[in-house]
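Beneath this line is the structure, given in structure tokens, with notes to follow.
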Amino acid sequence: MNTLLETLRIGGLRSRIELKQFMRQRESVVFTLFFPVILLFIFGTVFKDTIAPGVTFSQYFVAGMIASGLVNTGFQQLAITIPMERDDGTLKRLRGTPMSVSSYFIGKALLVTFLMIIQTALLLFFGAIVFDLNLPSDPLLWWNFTWLVLLGSACSTVLGIAFSVVPKSGRGASAVVSPIVIILQFFSGVFFVFTSLPSFMQQLAAIFPLKWLTQGMRSVFLPDDFATQEVAGTWELGKTALVLLIWLVLGLIFAIKKFKWSRE
Amino acid sequence: MSSTAAIQVQGLVKRYGTKTAVDGIDLTVESGEIFALLGPNGAGKTTTVEILEGYRTATAGQVKVLGFNPATKGSAGQKWRNQIGIVLQSTSDAADLSVFETISHYANYYDNPRNVDQVIDEVGLREKIDAKARELSGGQRRRLDVALGIIGSPQLLFLDEPTTGFDPEARRSFWELITTLKAEGKTILLTTHYLDEAQALADRVGVINNGKIIEIATPQTLGGRNNAPAKVTWLENGVTNQILTKDPTTEVLKLSQRFGGSVPELEVSRPNLEEIYLKMIGELR
């Protein structure tokens, strides 16, 4: 029990120092936190159409952007920064201290959660004032929103840690990771209405968590009767939770077993 | 093996595929000793040290560091790290954190950390306490590495090429820091390319080449240095003369008699550690 508390305490301290470092890197702040907001402005301004009665494209887009924000702050950010930490000696130094591995992971998870809160708040704020985004009033929708964000963050975090073994170097990490995220965003109905995509893209996207997250977020931000326009004709929240849980468990097992502390 | 030894290694072997990096090393470092490991690049120094630090696992052989097998996984291995300090080869991590932020954060990891302010004074970074790591010079950055190595008040400190890239003044003050740590009773395992550094700091040196220890001795006796012929030089009739002799005292006395007192520009020197070392490595090539 004592060691568990200690692990959590050190994890908390790590998240503080990680956040400090994150905020001091201007490019990471802009790229990770503000990029989705910038995209919202571009897409919201260009596509002014209404895609269903009372549903503007920007509303559809905000739901997708919040979901892909989970992928940006978790998966993308970690899969790029962890290889950099492997290169600059951070991981090796930490490995040589009594800090437990769990504390390192906890620090990352807390960092992602915190960044996600900031990013979502920014998107909702700008969405509401610039594009008249309707925020849900039903508490049930906010409850769905909360578990989607928490489960999505957790999933995105462990997959980011797991995927950090792929890039050979910190310098090349962005080139490996970013295209995957962008393609996933296209396939998962972030930039386009999902049902207008070719069916092979839809089927491919259904394997990955992002499609389910975007759909879940639409259930929160779009009118309930829009569900009939989804592929299955319903929001499929139960299936969404299941898919995310499966990825979470697979990611966790892989991250724990395969995490690389050094390049060799 | 003595029971007070900080490091005990027997028959250590490390292979990568068919390549043998470490080929049967025996080594004992006593508690409170400064031991320098010397050897050319690729000789197996870093592999050996990283096995002792717990970063790599041995292919064969016995390794005990502070009575513990460094390859032990899990929380026992993490606990053991409370007693060791590691100064890695050049790093560039935590570039956006200040000296104080980094050192005080790392202090949290240890059961028994040293006082953060005291450590900052010891490594001479008081004036740079709020500077970001990226703003430090190479030597200052290395001092930060040392600070992070000693913040947990380790019994055993590993220093991997600690003064590479230092100017002579920075190196001198670094040596003073190491001497202070020795006076506190720390055991230090040092790898270095600088023979004068080994000579100034080490109680014993071990020369490693092709994965094998060639010799372990004090810096004064390595390679038979204490018995090697000394070189006596002096100025006579405007010409520098020199002789090699096993008995320089007698030669100097003779010269003194011949000159009827002081001998112009008299110099007596034994081969320095670097010459001995290069000869040892050269003979094996």
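Things worth noting here:
- Area hidden from solvent between B and A (accessible, protein heavy atoms only, 1.4 Å, total, Å²): 2300 Å²
- Under 26 Å from the Cα of A:Lys48 - lysines, other chains or at least 8 residues apart: A:Lys211
- Restriction of the trypsin sites (Lys or Arg not before Pro) in region A:208-264 to DSSP coil positions whose beta-carbon has at most 10 other beta-carbons within 10 angstrom yields no sites.
- In the complete set of protein chains, residue-level accessible area for B:Asp26 is approximately 90 Å², probe 1.4 angstrom.
- Mean separation of Cα contacts under 8 Å, 6 or more apart, over the residue count of chain A: relative contact order %: 28 percent
- 3J(HN,Hα) along region B:206-212, derived from phi through the Karplus expression 6.51 cos²θ - 1.76 cosθ + 1.60 where θ = phi - 60°, amounts to x, 9, 10, 8, 6, x, 10 Hz, with x in place of Gly and Pro.
- Axial C-alpha extent at least 30 Å, average Kyte-Doolittle at least 1.6 - helices from chain A (DSSP): A:101-131, A:237-258
- For the residue pairs A:Lys92/B:Lys132; B:Lys182/B:Lys279; A:Lys260/B:Lys279, the C-alpha atoms sit more than 32 angstrom apart in A:Lys260/B:Lys279.
- Rounded FRET efficiency, nearest 0.05, which uses the C-beta distance separating A:Thr45 from A:Ala121 and R0 of 25 Å: 0.75
- Rg to Rh, two decimals, where region B:45-86 supplies the alpha carbon set and Rh follows Kirkwood: 0.93
- For B:Lys212, the residues whose amide H sits under 5 Å from its own are B:Asp23, ignoring neighbours fewer than 5 places away on the same chain, with H placed 1.01 Å from N.
- Selected from A:Phe208, A:Val149, A:Thr113, residue furthest toward positive end of dipole (chain A; charges at beta carbon): A:Thr113
- Only protein atoms count toward the accessible area here, which uses a 1.4 Å probe; on the protein assembly as shown, the carbon and sulfur part of that area reaches 58 percent.
- Each residue of region B:88-94 was assigned a 3J(HN,Hα) from its phi angle through the Karplus curve 6.51 cos²θ - 1.76 cosθ + 1.60 (θ = phi - 60°); the sequence is 6, 5, 2, 10, 9, 7, 6 Hz, with glycine and proline shown as x.
- Summed side-chain charge close to B:Thr218 - residues other than B:Thr218 whose Cβ falls under 14 Å, Lys, Arg +1, Asp, Glu -1: -1
- Electrostatic dipole magnitude of the protein assembly as shown [Cβ: Lys, Arg +1; Asp, Glu -1; Cα centre; debye, to 20]: 1000 debye
- Whole-Å distance, taken between Cα centres, linking region A:33-61 and region B:63-138: 48 Å
- Rg of the Cα atoms in region B:77-202, relative to 2.2 N^0.38 Å, amounts to 0.98.
- With the cut-off at under 11 Å, measuring from each backbone N in region A:151-168 to a point 7 Å along the Cα-to-Cβ line of A:Phe259 picks out A:158, A:161-162.
- Computed on the Cα trace of region A:1-50, the radius of gyration divided by the Kirkwood hydrodynamic radius gives Rg/Rh = 1.35.
- If you take the alpha carbon atoms of chain B and fit the smallest convex hull around them, that volume is 171 Å³ per residue.
- For region A:146-212 and region B:9-51, distance of Cα centres in Å: 45 Å
- Residues with amide H under 5 Å from that of B:Val205, placed H, sequence gap 5 or more: B:Ala36, B:Ala217, B:Thr218
- Antiparallel DSSP beta bridges within the protein assembly as shown, percent to nearest 5: 65 percent
- Neighbouring Cβ atoms from other chains, within 10 Å of the Cβ of residues in B:104-110, number 5 on average.
- Amide proton proximity set for A:Leu133, modelled H, under 5 Å, gap of 5+: A:Ala128
- Across peptide A:97-108, the mean count of Cβ atoms from other chains lying within 10 Å of each residue's own Cβ comes to 4.
- Put the Cα centre of region B:187-215 next to the Cα centre of region A:7-22 and the gap is 38 Å.
- Relative to its residue count, region B:205-272 spans a Cα convex hull of 93 Å³ per residue.
- Note that region B:98-106 has calculated 3J(HN,Hα) couplings of 7, 3, 5, 4, 5, 5, 5, 5, 5 Hz, one per residue in order, obtained from phi through the Karplus relation 6.51 cos²θ - 1.76 cosθ + 1.60 (θ = phi - 60°); glycine and proline are x.
- A:Ile117, B:Ile7, B:Ile243, A:Ile38, ranked by accessible area, largest first (probe 1.4 Å): A:Ile117, A:Ile38, B:Ile243, B:Ile7
- The mean count of C-beta atoms from other chains within 10 Å of the C-beta of residues in A:9-17, rounded to a whole number, is 2.
- The C-alpha radius of gyration of chain A, expressed as a fraction of 2.2 N^0.38 Å, stands at 1.02.
- Whole-number D in µm² s⁻¹ for the protein assembly as shown, Kirkwood Cα-pair radius fed into Stokes-Einstein, 37 °C, 0.692 mPa s: 120 µm²/s
- With Cα atoms, 0 to 90° folded angle of helix B:168-183 axis to chain B main axis: 70 degrees
- Taking a Cβ cut-off of under 12 Å around A:Ser102, the surrounding Lys, Arg, Asp and Glu residues balance to a net charge of +2, with basic ones at +1 and acidic ones at -1.
- For region B:150-242, the equivalent ellipsoid derived from the Cα gyration tensor has semi-axes of 32, 19, 13 Å, listed largest first.
- Cα pair distances exceeding 18 angstrom across region A:205-264, given as percent: 45 percent
- Estimated FRET transfer efficiency (A:Ile207, A:Leu141; beta-carbon r; R0 30 Å; 0.05): 0.65
- Trypsin sites (Lys or Arg not before Pro) within region B:72-177, DSSP loop, no more than 10 other Cβ atoms inside 10 Å: B:Lys73
- Sites B:Val13 and B:Asn226, calculated FRET efficiency, Cβ-Cβ separation with R0 41 Å, nearest 0.05: 0.80
- Listed residue pairs exceeding 27 Å between alpha carbons, taken from A:Lys20/A:Lys239; B:Lys45/B:Lys73; A:Lys257/B:Lys79; B:Lys79/B:Lys212: A:Lys20/A:Lys239; B:Lys79/B:Lys212
- Residues of the protein assembly as shown: accessible area per residue with a 1.4 Å probe, Å²: 45 Å²
The values are calculated or read from the model by the stated rules, or taken from the named source; none is laboratory data. In this text the structure is predicted, and so the values were computed from the model without any measurement. Neighbour counts are summed over all protein chains in view; Cβ atoms, including those assigned to glycine, are modelled from backbone coordinates with ideal geometry. Side chains are part of the model used for accessible areas, which takes the heavy atoms of the whole protein and leaves out ligands, DNA and RNA. Shrake-Rupley method; radii C 1.70, N 1.55, O 1.52, S 1.80 Å.
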